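Shown next, in structure tokens, is the structure this report addresses.
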Amino acid sequence: MENNPPRKKVAVVGTGMAGLVIAYILKNDPCQRFEVELFEKQDKLSLDSASHTILPQGGEGDKQERLDLPMRALADGYYENLKRMYDYFGITYGSRRFVYSLSTLSDSSHEQVSPYYVHSSNNHQIPPLRPEGLSWARWLIETCYLALCYYWFTACCFFVAPRTVESFGAEESLRQYVGRICLPRYYVKRYLLPMMSSVTTCSHDALLDFPAIDVVDYERKTFRKPHYTVLGGVQRVEKELSKGLKNWLATKVTSVENVGTEVKVTWANTLDGQNHSKLFDHVILAVTPDVIGAIFEPLRSAVAAVPTTTVQIVIHRDFSKIIDCSKSLWRQIASNRSDLAPQPFHICSNAEATESTHEHPSAYLITNHPIAPIDPEKVVHTATLTRVLRSPTSRQIVNSIFEKKVSGQEKSQLWQNGDGNVWLVGSWCWDGMVLLEGCVGSAMRVANGLGVQVPWMQ
Ligand SMILES: Cc1cc2nc3c(=O)[nH]c(=O)nc-3n(C[C@H](O)[C@H](O)[C@H](O)COP(=O)(O)OP(=O)(O)OC[C@H]3O[C@@H](n4cnc5c(N)ncnc54)[C@H](O)[C@@H]3O)c2cc1C
């Protein structure tokens, strides 16, 4: 009888989308070469941990609903690997239509003024709604101006390539790019930053520091493409990915170090405070760069330059700041609770940042990155998440960590993915916006490095 070599022991630290995807791929290696253990500091798997279940209120048609936090939207054109994976598992996702109202918060009173513009995702609502309080003439001028700026920016995204280190020797930030293409400041401040901030959930300044290539590439690839959310919530994805996996919950990894040809993982049990350690053949870090800096010494100084921020998401019923646009069409939108109805999204900005509030069909509000106070009595659930941001410097560092090693070429000075059998996966571990596609793409790259077939690529 043929003797199989012993299976490789693999530790995956972090159970967000990236950790679960790589753990699933290795666990399901057709040659069964890996024994995978997952480590998670929370007392449950992390992918669906911030989401919240709304119980039926007893009203007619009320049903239990899972609200995904964050929303975890995806779009055609940008999420090819994520979509392939969902299709492989039979996870269904539905196209969503949103109607966005854009307004400002006064800095002093935090009071919202009436929306200055209302528009719909992919312009499905033509002509756009006219916010009450805006005269027909003002609205027509604003719409024409907006259309001009929007098409100018879109044309630039397709025809004016941002400068990158590869093409120009220096990286161009979004701030520099919008200056170079002469995009009016009024449009940048009132439209581009509020809308993009609802994707990146960070301050306007931090967004302007993003590499221009990230935003331009995102705009190009998602231009006129539908957006989706997972039907039934990402709990379905978590369930599929985690089937049969051995996981250690309430287990906070405190250090990862190379010992000879093996990798030692040390962790503390967050319930009893006991410390433990174990040797593995491979360790895959599926955590944010700030955590990597704290537990893995070889990358400490490099990842210190990758910006992160914390973001709050609040589910609540404080409708006091939701302006009733009182236009009949808006009312119709807000009252149409069918699954296919457009859903209102209130995008509110002050000078520094933007908050977005989604009027969920369950009649709850979900506010991302709140900047105005929410009545604590009306808060149902709060989640605080770490968001990894991008900057021209961090793009260089990330690209250098994941650079392909070409034989004969001088090796980068920096630690590189896979060195000492330590690997990185995560939404930030690719050259693009920090979104779910990065989780799946980076996990597939590690699978490739370990010579494992990815089931949804067969
Ligand atoms: C507000 C917000 C909205 C977003 N909206 C979207 C969206 O619509 N579409 C989209 O594609 N993306 C969106 N994203 C981005 C995307 O959801 C995340 O980037 C992605 O989920 C990150 O997944 P991950 O697996 O890389 O890491 P994480 O989800 O951060 O998972 C890492 C996990 O590791 C665990 N951990 C940390 N330290 C330790 C330790 N020492 N030991 C053990 N475990 C540890 C933590 O519990 C953590 O949850 C959004 C993000 C935010 C914050």
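The values are calculated or read from the model by the stated rules, or taken from the named source; none is laboratory data. This structure is a prediction, so every number in the text was calculated from the model and none was measured. Because the Cβ atoms are built from the backbone with ideal geometry, glycine has one as well, and the counts that use them run over all protein chains shown. Heads up: the accessible areas ignore ligands, DNA and RNA and are worked out on the full protein's heavy atoms, side chains in. Shrake-Rupley method; radii C 1.70, N 1.55, O 1.52, S 1.80 Å.
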Label-zone membership for the range 69-101, site Ile126, 7 angstrom Cα→C-beta point, backbone N under 15 Å: none
DSSP-assigned coil residues among trypsin sites (Lys or Arg not before Pro) in the range 208-298, each with at most 13 further Cβ atoms within 10 Å: Arg224, Lys243
Lysines with Cα under 17 Å of Lys27, excluding same-chain neighbours fewer than 8 positions away: Lys8, Lys9, Lys239, Lys243, Lys246
Segments 196-206, 279-289, 130-140 sorted - mean Cβ within 10 Å per residue, highest first: 279-289, 196-206, 130-140
DSSP bridge pairs, the range 4-158: antiparallel proportion in percent, nearest 5: 55
Shape of the range 217-267, Cα gyration tensor, a/c cut at 1.5: oblate
DSSP H segments from the chain that extend 27 Å or more along their own axis, Cα-based, with Kyte-Doolittle mean of 0.0 or above: 136-159
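Which percentage, to the nearest 5, of the DSSP beta bridges contained in the range 342-458 is antiparallel? Spell out each step's value before the answer.
Values: 9 of 9 bridges.
For the range 342-458, the DSSP antiparallel bridge percentage is about 100.
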Packing rank of 371-378, 183-190, 23-30, where each peptide gets the mean count of other beta carbons within 10 Å, highest leading: 23-30, 183-190, 371-378
Gyration tensor (alpha-carbon) shape descriptor, the range 361-458, a/c threshold 1.5: prolate
Over the chain, relative contact order from alpha-carbon pairs under 8 Å, at least 6 apart, %: 24
Per residue accessible area of the chain, 1.4 Å probe, in Å²: 46
Farthest toward positive dipole pole in the range 3-72 [+1 Lys/Arg, -1 Asp/Glu at C-beta], among Leu20, Asn4, Ser49: Asn4
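Work out how much length Ala161 to Ile141 would gain on full extension: take 0.36 nm times their residue separation and subtract the Cα-Cα distance, in nm to one decimal. The partial results should precede the final answer.
Details: separation 20, 0.36 × 20 = 7.20 nm, distance 2.98 nm.
Full-extension gain reported as 4.2 nm.
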Within the range 266-283: backbone nitrogen closer than 16 Å to the Gln42 label point (7 Å, Cα to C-beta): 270
Share antiparallel - DSSP beta bridges, the chain, percent rounded to 5: 70
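Want the number for Gln413 to Asp76: 0.36 nm per residue separation, take away the alpha-carbon distance, what's left? Numbers along the way, then the final one.
Numbers: separation 337, 0.36 × 337 = 121.32 nm, distance 3.70 nm.
Separation in residues times 0.36 nm, less the Cα-Cα distance, equals 117.6 nm.
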Spin-label zone in the range 13-38 - amide nitrogen under 19 Å from a point set 7 Å from the Cα of Leu279 along the C-beta vector: 34-37
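Which of rounded, prolate, oblate describes the range 94-243, given a ≥ b ≥ c as roots of the alpha-carbon gyration tensor eigenvalues and a/c under 1.5 marking rounded, otherwise prolate only if a/b is larger than b/c? Mind dumping the intermediate values first?
Numbers: a/c = 1.60, a/b = 1.07, b/c = 1.50.
Here the range 94-243 falls in the oblate category.
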Anchor Lys44: aspartates and glutamates whose Cα lies under 19 Å away (excluding residues fewer than 8 positions away in-chain): Asp68, Glu238, Glu240, Asp272
Alpha-carbon centroids, the range 381-398 and the range 170-242: separation in whole Å: 13
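Using a probe of 1.4 angstrom, how much of the accessible area of the chain is carbon and sulfur, in percent? Spell out each step's value before the answer.
Values: 11020 of 21190 Å².
Here it works out to 52 percent.
On alpha carbon coordinates alone, what is the Rg over Rh value for the chain, Rh being the Kirkwood radius?
0.98
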Distance in nm between pseudo-label sites at Lys225 and Phe89 (7 Å out along the Cβ direction from Cα): 2.0
Rounded accessible area of Phe296 (nearest 10 Å², 1.4 Å probe): 0
Unit charges at the beta carbon, dipole of the chain: most positive-side option, Gly420, Tyr218, Thr270: Tyr218
From phi via Karplus (6.51, -1.76, 1.60), per-residue ³J(HN,Hα) for the range 370-379 in Hz, x at Gly/Pro: x, 10, 9, x, 10, 4, x, 5, 9, 7
